[in-house]
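Right, one structure below, let's go through it.
The values are calculated or read from the model by the stated rules, or taken from the named source; none is laboratory data. Computed from a prediction, not measured in an experiment: that's the story for all the values here. Positions of Cβ are backbone-derived with ideal geometry, glycine not excepted, and every protein chain shown enters the neighbour counts. Please note that ligands, DNA and RNA were not included when accessible areas were found on the heavy atoms of the full protein model with its side chains. Shrake-Rupley method; radii C 1.70, N 1.55, O 1.52, S 1.80 Å.
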Amino acid sequence: MCGIAGLIHRGKSSSVGSEMTAMLQALKHRGPDSTGYAVYGEPTEGELIMRLKVAEAEDMDRGRGIHKVIEDRIEEVERILEEHGAKIKSKEAPREYSLRYVITHPDDTGEMAAHMEETEGVEILSMGNGLELIKDLGDAKVVSEAYGLNDFQGTHGIGHTRMATESDVDIKSAHPYWAFPYNDVSVVHNGQITNYWIMRREMERKGHRFMSNCDSELLAVYTAHNLANGISLEESLRKSIDEIDGVFTYLVATKDQLGMAKDTMAAKPLVLYESDDLIAMASEEVAIRAILPQEIDTYDPYDEEVRVWQA
Amino acid sequence: MASVSDAELKKMTQDERAKALGMTTEQLTGKSLYVEFDPDAEERFTYPWAPDVDFNKRTEFDCDGKTTTEVNSQIRELMREGYGTIVLKNPRGMHSLGVGILSRLNLIIEGSTGYFTVGLIDGPNVRITGRVGWSCGENMMSGTIMIEKNAGSTFGAAIRGGDLVCRGSVGSRTGIDQKGGTIIVGGDTGALSGFMMQRGRMVVCGNAGKNLGDSMYDGTIFVGGEIKSLGVDAVEAELTDLDKKWLTRKLTQYGLMPDKGVDHFTKVVAGKQLWNYDNLEPSEKKLIL
């Protein structure tokens, strides 16, 4: 089933972390397997924020040897950063297998990211000037507390509560997906993509990498491909309705935009609220009411509807 | 309506009995039997075990911090205490509020609700001041539901009777598998509305999305605005004087009568050309072919 949520404040920062937590916790019944956030803070000029994992949560039950493996992987990550001309300005580890680095810009972001993911078990969750992508097993409260998200200030964000259907219950199959290696782009999705393998092979032939077998990752790769080829976010969303088969509603966030697309059958839900300074959307009204308890007007976007909002 | 004894009912013809029970029947097409809810006949829409409520006995109930089960249990408890008008406050998108009420009640929900609001009801009059999520009024048998704002998809799925009215716009697949009753939408409706409709009537004052009435078996859809496209086997039909009279009465009743009247409405019915209208058994086909 899965639940998706998104919100964007126009022209100001707000407590996006705690707002998204409230929305996702209200959607817990749609997917209790994992919870993910892509939240956007004030852009850090000249710096990149990189979130990555060096192991899966379930790997931590594999005895004491895993701690040494993780240490070695982190050492390798930091060696690769140095090799590509990036300097570490700060480092945090909310969980032993999950790290956050603030780094100076490397020589080539894409090449460095690809090099880093050659290390077994390492997956970059996100990279960007404003984007912080956090995902882990458990509900929104669990993930938010573990990663200190309640204090996060930013302009916009998207989130996901996952009920695993197409692939495993693990972090690599959790949403959001970063549009590798395109900075500051993330995607959450509710639905099933029926031409996943055809589209995946097409994207792989064009040189894109997939880290999971989750059909939702395709949307991130597809979006990244379009954006890298000069297609605007709105155009990409519209193209996807013709080119991607299945039932889907998905949200895409960039450094300063938030977009949505709904498939031709309108089979997956989305409720939308728009005001002059805030736009909020979610699979169910109850998530919007978690941050806007007062009486408001909301509506369901129709089939093939595409919208993009600016922060 | 004056009460009628069982002995009197037995002596009546089917048509007389239907009218005496608060129902009217009319022949729309060859196979149609339309059953219309008569709000004046409320005493006939009760179950023997239904609480004896007093509409003048009114109470309010705050949903804040409560689960759906707690709220719905509380509604039943209040009905047992004789409350005939119950006001729910602060629903804030809760799902499944007021489902399965099978007796007379005035239920007023102040705010917006989530999925399956007042589904499976048989008798109550419901007014919702906000918006409703997916599948509002699903499988309702009788009663009235009035929604002041918008509604989500599958609005009135499989309803069998009663009046389900939304003043705003609704999502996709409105009245999917509708088996009777009336659905009225003040604004627009999305794609595949009236999909596999079997009986009853749907009125959309605004525009309708693509594939309207796809694979409908029977029933009637009236659209006041543009129709993006008709679905498989859905065809336009002549708007009769009886249709206009009915539309005028219904839309006036709910304050949704357009300024320009009802003459501009498009009527959509089943073309009845699909395979399921072939009444021959396989063995009979063999004899012919």
Of the residues B:Lys66, B:Lys19, B:Lys10, B:Lys57, only one is modelled with pLDDT of 90 or more and not in a loop (DSSP other than H, G, I, E, B); which? B:Lys57
If you take the residues of region A:84-107 that are open to solvent by 70 Å² or more (accessible area, probe 1.4 Å) and in a loop (DSSP other than H, G, I, E, B), which of them is farthest from A:Pro181 (Cα to Cα)? A:Glu96
The lone exception for A:Glu285 - which of (1) of a type in the set (Asp, Glu); (2) open to solvent by less than 10 Å² (accessible area, probe 1.4 Å); (3) in contact with a Gly (Cβ under 7 Å, 6 or more places away or on another chain); (4) more than 14 Å from chain B (Cβ to nearest Cβ) it fails: (4)
Taking region B:216-237 as the region of interest, how many residues are in a loop (DSSP other than H, G, I, E, B), modelled with pLDDT of 95 or more and open to solvent by 30 Å² or more (accessible area, probe 1.4 Å)? 3
Can A:Thr264 be described as within 14 Å of another protein chain (Cβ to nearest Cβ), of a type outside the set (Asp, Glu) and either surrounded by 15 or more Cβ atoms within 10 Å (Cβ to Cβ) or not in a helix (DSSP H, G or I) (or both)? yes
May I ask you to say which residue of A:Val252, A:Val247 is more than 14 Å from every other protein chain (Cβ to nearest Cβ) and touching a strand residue (DSSP E or B) at 6+ places or on another chain (Cβ under 9 Å)? A:Val252
Do we have A:Thr165 as open to solvent by 30 Å² or more (accessible area, probe 1.4 Å), more than 17 Å from the chain's Cα centre (by Cα), touching a residue at least 24 places away in the same chain (Cβ under 8 Å) and within 21 Å of A:His225 (Cβ to Cβ) here? no
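In this structure, does A:Pro269 turn out to be surrounded by 17 or more Cβ atoms within 10 Å (Cβ to Cβ), out of contact with any Phe, Trp or Tyr (no Cβ under 9 Å at 6 or more places or on another chain), assigned to a loop (DSSP other than H, G, I, E, B) and not small (Gly, Ala, Ser)?
no
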Condition (residue is closer than 30 Å to A:Leu270 by Cα and among the aromatic types (Phe, Trp, Tyr)) applied to region B:223-246: is it met by at least one residue? no
Total residues in region B:82-115, condition within 14 Å of chain A (Cβ to nearest Cβ) and closer than 15 Å to B:Asp163 by Cα: 0
Flag if A:Glu304 is at the interface with chain B (Cβ under 10 Å from one of its Cβ atoms), in contact with a Ser or Thr (Cβ under 6 Å, 6 or more places away or on another chain) and surrounded by fewer than 24 Cβ atoms within 10 Å (Cβ to Cβ): yes
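Yes/no matrix, rows are residues, columns are (1) outside any strand (DSSP E or B); (2) touching a His at 6+ places or on another chain (Cβ under 9 Å); (3) buried (at least 22 other Cβ atoms within 10 Å of the Cβ):
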{"position": "A:Ile4", "(1), (2), (3)": "no, yes, yes"}
{"position": "A:Lys12", "(1), (2), (3)": "yes, no, no"}
{"position": "A:Glu45", "(1), (2), (3)": "yes, no, no"}
{"position": "A:Met50", "(1), (2), (3)": "no, no, yes"}
{"position": "A:Ile66", "(1), (2), (3)": "yes, no, no"}
{"position": "A:Arg79", "(1), (2), (3)": "yes, no, no"}
Candidate set from region A:236-261 (those that are among the hydrophobic types (A, V, I, L, M, F, W, C) and surrounded by fewer than 19 Cβ atoms within 10 Å (Cβ to Cβ)); member that is farthest from A:Thr223 (Cα to Cα): A:Val247
B:Val118: passes all of (1) more than 14 Å from chain A (Cβ to nearest Cβ); (2) open to solvent by less than 40 Å² (accessible area, probe 1.4 Å); (3) outside any loop (DSSP other than H, G, I, E, B) but (3)
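Identify all residues within region A:192-222 that are in contact with a Ser or Thr (Cβ under 6 Å, 6 or more places away or on another chain) and open to solvent by less than 60 Å² (accessible area, probe 1.4 Å); write none if there are none. Let's see the steps before the verdict.
As a first pass, look at region A:192-222 and keep what is in contact with a Ser or Thr (Cβ under 6 Å, 6 or more places away or on another chain): A:212-214.
Within region A:192-222, A:Ser212, A:Cys214 qualify.
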Subset of region B:123-144 (residues that are on the phi < 0 side of the Ramachandran plot, under 11 Å from the mean Cα position of the chain (by Cα) and away from every other protein chain (no Cβ under 14 Å)): B:Glu138, B:Met140, B:Met141, B:Ser142, B:Thr144
Could you tell me whether region A:182-191 includes any residue that is at pLDDT below 95, part of a loop (DSSP other than H, G, I, E, B) and among the aromatic types (Phe, Trp, Tyr)? yes
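For A:Leu292, are the conditions met, namely being within 14 Å of chain B (Cβ to nearest Cβ) and either part of a helix (DSSP H, G or I) or open to solvent by 10 Å² or more (accessible area, probe 1.4 Å) (or both)?
It is true that A:Leu292 is within 14 Å of chain B (Cβ to nearest Cβ) and either part of a helix (DSSP H, G or I) or open to solvent by 10 Å² or more (accessible area, probe 1.4 Å) (or both).
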